[in-house]
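Engineer: Can you keep this structure in mind? I'll have questions shortly.
The values are calculated or read from the model by the stated rules, or taken from the named source; none is laboratory data. Since the model is a prediction, treat every value here as computed from it, not as a measurement. Glycine also receives a Cβ, built like all others from the backbone with ideal geometry; neighbour counts cover every protein chain displayed.
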Amino acid sequence: FWAFLMTAFSGVTIAPGRLLWWPEQPTLENFRYAWVEAKVWRYLLNSLVVVLLGTVLQLSVSAFAAYALARKRFRGLAAVSFLILSTMMLPDEVIAIPLFIVLGKLPLIGTSLHDTHLGMILPVVGWGFSIFMLSEFMRAIPADLEEAARVDGASDWQIFWHVILPLCKPALGSAAVFGFIMIWDQYLLPLLVTNDEALYTLPVALATVRADETMKPAVFIAISVIAMLPSILVYLGLQKSFNRGLLAGAVKG
């Protein structure tokens, strides 16, 4: 990362594939060109819209689904759990074409989500890994706490909101970090959903810029540095919750 960063600040032309451990003729011109001329600000904004809304919705859906799987008993529970685990084994390439067709004409509604932010958000809302991780954490919470709340007259919603979720904060922090990075790094889904360059996310824009032979290597590296920063900042911001979640999972395991 240090070599990447120093090369991005270099003011001299460098050969493709070469990295510098200290910038030659330090300058911010590469970042200015990337931000203004290459319009990275627009791709960054698209990525932030998709990743922020997607992460919030993903955490919400995962928490509800995990609560049902971990604390409720219903017919077909094993089958539902198996289906959720199965989605973790399927690579994106397997579901790419069916997903493209479904997003082209949503069942019952008949509306196309191609060339929309919503089309990039909906497929990542239900993530099997997040549901599985939260359900395992919730399953380890003592049943006595839930029973005590029911004795006091608490409803399922009150138990979920006031008992289960507060105890799951470390797991939610870990799920948020994993979910943010997963959505941020999505390349195939945004590439399939949109043909409009104005809606490109940063990973798609990076691939487009890389194919441009006139782009200076230092500018491409500057764009790459900008693309890495949000994931690093999210991890640093949620590091305590992330570490607590991993530690709690290790202890329970």
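Engineer: Which helices (runs of 4 or more DSSP H) sit wholly inside segment 32-121 and have at least 2 residues that are out of contact with any Phe, Trp or Tyr (no Cβ under 9 Å at 6 or more places or on another chain), in contact (Cβ under 8 Å) with a residue 24 or more places away in the chain and of a type in the set (A, V, I, L, M)?
Structural biologist: 40-71, 92-104, 117-121
Engineer: Another question, if that's okay. Among the residues of segment 173-202 satisfying the criterion of being part of a helix (DSSP H, G or I) and without any contact (Cβ under 8 Å) to a residue 40 or more places away in the chain, which is surrounded by the most Cβ atoms within 10 Å (Cβ to Cβ)?
Structural biologist: 191
Engineer: If you don't mind, there's one more thing I want to ask. Residue 217 is checked against (1) surrounded by fewer than 18 Cβ atoms within 10 Å (Cβ to Cβ); (2) modelled with pLDDT under 80 and fails just one. What number does that condition carry?
Structural biologist: (1)
Engineer: Does segment 128-141 contain at least one residue that is at pLDDT below 90 and not in a helix (DSSP H, G or I)?
Structural biologist: Yes: one or more hits.
Engineer: Output the number of the condition that residue 31 fails; it satisfies all remaining conditions of (1) under 24 Å from the mean Cα position of the chain (by Cα); (2) modelled with pLDDT under 90; (3) of a type outside the set (Asp, Glu).
Structural biologist: It fails just one condition, (1).
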